[in-house]
Amino acid sequence: MADNNTSQCGAFLDEVAPAGFFYGKKRLMNTRTQSDVPSGKSVPEGNFDGLKRYLPYDLVSGFLVFLIALPLCLGISLACGYPAIAGVFTAIIGGLVGAMMGNSELTIKGPAAGLIVIAIGCVVEFGFTGGEDPAADIQAYRLALGVGVAAGIIQILFGLLRVGILAEFVPSSVIHGLLAAIGIIIIAKQFPIMMGLSASGEPFELLKEIPSFIANMNPEIGVIGLLSLAIIGAYPFIKSNALKKIPAPLVVLLIAVPLEFYFDLDHPHAYSLNHHEYQVGPNFLVNVPLNMFNAMAFPDLSGLLTLTGVKYVILFALIGSLESLLSAKAVDSIDPWKRKTNLDRDLTAVGIGNTVAACVGGLPMISEIVRSKANVDNGAHTRFANLYHGLFLLVSVALIPGLINEIPLAALAAMLVYTGFRLASPAEFLRVYHVGKEQLLIFVATIIAILATDLLIGIGIGIGVQILLHLVNSAPLLSLLRLHYVLCPVSDRKTRLSVKGAAVFTTWIPLRRRIQDLAQQHDVEVDLSATRFVDHTVMAGLHEMQADLASQNRTLTISGLDQHRPFSEDVAAARKKTLASTALAR
């Protein structure tokens, strides 16, 4: 390192760099300035005083989030191959541990659709049969719990070792590709369940069979599933503010449960329609034990000694941590009081929660973005809203398990199909395209690679495609490995940091760290005139830092891009120096 030479203008400094993460235009547009903080109000804190002062706000929000969380926790659990109550255990523990040990004031901790693919893959590779062999299914579940314990411990170590910067590691287009691929897999797996059918196979095979699933559906179950999907899909278009105050999942249950009684799914029987006979019964309903303590399961750690165990410990720890950190950062961006989460502490809390949840039979948890957004919208002030949502879940499974058992599986599957669609909707493709065509290529390549292989290989291929495109766009190979920059004082209050070669996602973290160090005492100018290529990870990250520093009465100036051609009109688009400018510089 050459940090000792920082006072010498013209001395080139290099730093070894890990990969970076891009914050897209949507994230930048959500970044609040200090002027957005509610005026005349103190900043709420999740301490003992806040517990009393903000009780009405947090209690109401916690209850409303509970109404959303209950069906989603049940549906996610079943989609993972876990017992339905496992997701409720996770949300209860997430509420308790997240509120007491984390410092993210508005995030809701619990199971998330983004981890379904990992969880179901884990139990299947451990021998899950989908009900054909109950003993094998229980053993697979217990082995998966063992993996959850180990992954939770690794997340605790991540937090203690202060690697919350993990949120910066993977480029945005790869992350969005990962989530879109997960969405497609969720749709493929849950659509047959929504139609009252059972099916297995690879995602591409299941997607091709969707017309057949519709044609061969169990009509009564299909009516519940399709009506549930229609309700939750139409909900965003409803203009009635009064109706919108009722959570969409609750409306689905208010329709689906009476239909279940009408079709008498509690009792096994056959019915005929158009000369076809169909079977229905309790197997199409949620099944949670009447005594929640009898539902607890304990992990089997023997699977950790297998390649399958090692693989899924890595997946749970890395993907779960990444999703949780990104969600916490996203929720910070819409916090009315602009509070910042200590990502290391939050990751430690998630790790502790995951370890405890796995010890009693729960799913992996993260800071969940959809429920957290609902928490913000419902007026939560502190982390105790997360606590109350967990306590309401605890009361529900303790006092009304019989009512929960009347929920049709098709309704839960419909909610997950809609969730999958939102992850992989055409709007996501358009959003990435508007940032740049090269980002769409990375996005699509990641999706196809994940669907054709698995999550880890797919992510690796997506990153590889991005590196290849950087080389094609004239980024010097050495600039992908080390950050080259020059520090030069401009005045007593301002320092110029000039980057040479290329500014790309692989060197974004050391660049970000250097800017943060300088900004503690000076205004900073980042000069990019000596770069051949600046990727949109760096562009977006610089704009985000610019907004964050402005809220602290510090100035970050971005200069030297007059000769660079942007790849799109997006503020975070990648930029490449034109050939004429490059030749002139030589």
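The values are calculated or read from the model by the stated rules, or taken from the named source; none is laboratory data. Computed from a prediction, not measured in an experiment: that's the story for all the values here. Cβ placement follows ideal geometry from the backbone for every residue including glycine, while neighbour counts extend to all protein chains displayed.
Structure values in brief
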| read-out | value |
| --- | --- |
| Subset of region 400-438 [among the small types (Gly, Ala, Ser) and surrounded by 18 or more Cβ atoms within 10 Å (Cβ to Cβ)] | 410, 411, 413, 414, 420, 424, 436 |
| Of all residues in region 445-492 being touching an Asp or Glu at 6+ places or on another chain (Cβ under 7 Å) and closer than 21 Å to residue 533 by Cβ, the one that is surrounded by the most Cβ atoms within 10 Å (Cβ to Cβ) | 483 |
| Every pair of residues 6+ apart whose Cβ atoms lie under 8 Å, when the first sits in region 245-260 and is closer than 29 Å to residue 279 by Cβ and of a type in the set (Gly, Ala, Ser) while the second is at pLDDT 95 or above and part of a helix (DSSP H, G or I) | 256/224; 256/227; 256/228; 256/410; 256/411 |
| Any hit, region 515-525, residues being crowded, with 21+ Cβ neighbours inside 10 Å and within 27 Å of residue 434 (Cα to Cα) | no |
| Of the criteria (1) on the phi < 0 side of the Ramachandran plot; (2) crowded, with 19+ Cβ neighbours inside 10 Å, which one residue 501 fails | (1) |
| Options 322, 290, 307, 301: the member that is modelled with pLDDT of 95 or more and in contact with a helix residue (DSSP H, G or I) (Cβ under 7 Å, 6 or more places away or on another chain) | 301 |
| Condition met for residue 179 (modelled with pLDDT of 90 or more and either outside the structural domain of residue 116 (by TED's automatic domain parsing) or at negative phi (or both)) | no |
| Subset of region 353-389 that is hydroxyl-bearing (Ser, Thr, Tyr) and not in a helix (DSSP H, G or I) - its residue that is nearest to residue 314 (Cα to Cα) | 367 |
| Flag if residue 350 is crowded, with 23+ Cβ neighbours inside 10 Å and either in contact with a His (Cβ under 8 Å, 6 or more places away or on another chain) or part of a helix (DSSP H, G or I) (or both) | yes |
| Extreme residue, nearest to residue 143 (Cα to Cα), among residues of region 85-104 that are among the aliphatic types (A, V, I, L, M) and surrounded by fewer than 24 Cβ atoms within 10 Å (Cβ to Cβ) | 96 |
| Which listed residue, of 114, 121, 98, is touching a Phe, Trp or Tyr at 6+ places or on another chain (Cβ under 8 Å), assigned to a helix (DSSP H, G or I) and either modelled with pLDDT under 95 or in the same structural domain as residue 54 (by TED's automatic domain parsing) (or both) | 121 |
| Residue among 557, 578, 507 that alone is of a type in the set (S, T, N, Q), outside the structural domain of residue 173 (by TED's automatic domain parsing) and closer than 24 Å to residue 175 by Cβ | 507 |
| Residues (in contact (Cβ under 8 Å) with a residue 60 or more places away in the chain and outside any helix (DSSP H, G or I)) located in region 515-550 | 533, 535 |
| Region 112-141: number of residues that are under 16 Å from residue 301 (Cβ atoms) and surrounded by 20 or more Cβ atoms within 10 Å (Cβ to Cβ) | 5 |
| Residue among 581, 559 that is hydroxyl-bearing (Ser, Thr, Tyr) and at pLDDT 95 or above | 559 |
| Scan of region 124-135 for residues that are part of a helix (DSSP H, G or I) and within 22 Å of residue 455 (Cα to Cα), ordered by number | 124, 125 |
| Spans of helices (runs of 4 or more DSSP H) in region 215-317 with at least 2 residues surrounded by 15 or more Cβ atoms within 10 Å (Cβ to Cβ) and either touching a Ser or Thr at 6+ places or on another chain (Cβ under 7 Å) or outside the structural domain of residue 123 (by TED's automatic domain parsing) (or both) | 248-263 |
| Residue within region 63-81 that is surrounded by fewer than 17 Cβ atoms within 10 Å (Cβ to Cβ), at pLDDT 95 or above and not assigned by TED's automatic domain parsing to the domain that holds residue 488 present | yes |
| 1 or more residues among the aromatic types (Phe, Trp, Tyr): qualifying helices (runs of 4 or more DSSP H) within region 390-501 | 409-423, 426-435, 437-452 |
| Residue that is under 19 Å from residue 439 (Cβ atoms) and crowded, with 17+ Cβ neighbours inside 10 Å, where the choices are 495, 537 | 537 |
| Qualifying positions in region 369-411 - farther than 17 Å from residue 54 by Cα, within 22 Å of the chain's Cα centre (by Cα) and charged (D, E, K, R) | 371, 373 |
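Here is a yes/no grid of residues against (1) touching a Leu at 6+ places or on another chain (Cβ under 8 Å); (2) more than 16 Å from residue 94 (Cα to Cα):
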{"position": "354", "(1), (2)": "no, no"}
{"position": "358", "(1), (2)": "yes, no"}
{"position": "361", "(1), (2)": "yes, no"}
{"position": "366", "(1), (2)": "yes, no"}
{"position": "372", "(1), (2)": "yes, no"}
{"position": "384", "(1), (2)": "yes, no"}
{"position": "408", "(1), (2)": "yes, yes"}
{"position": "418", "(1), (2)": "yes, yes"}
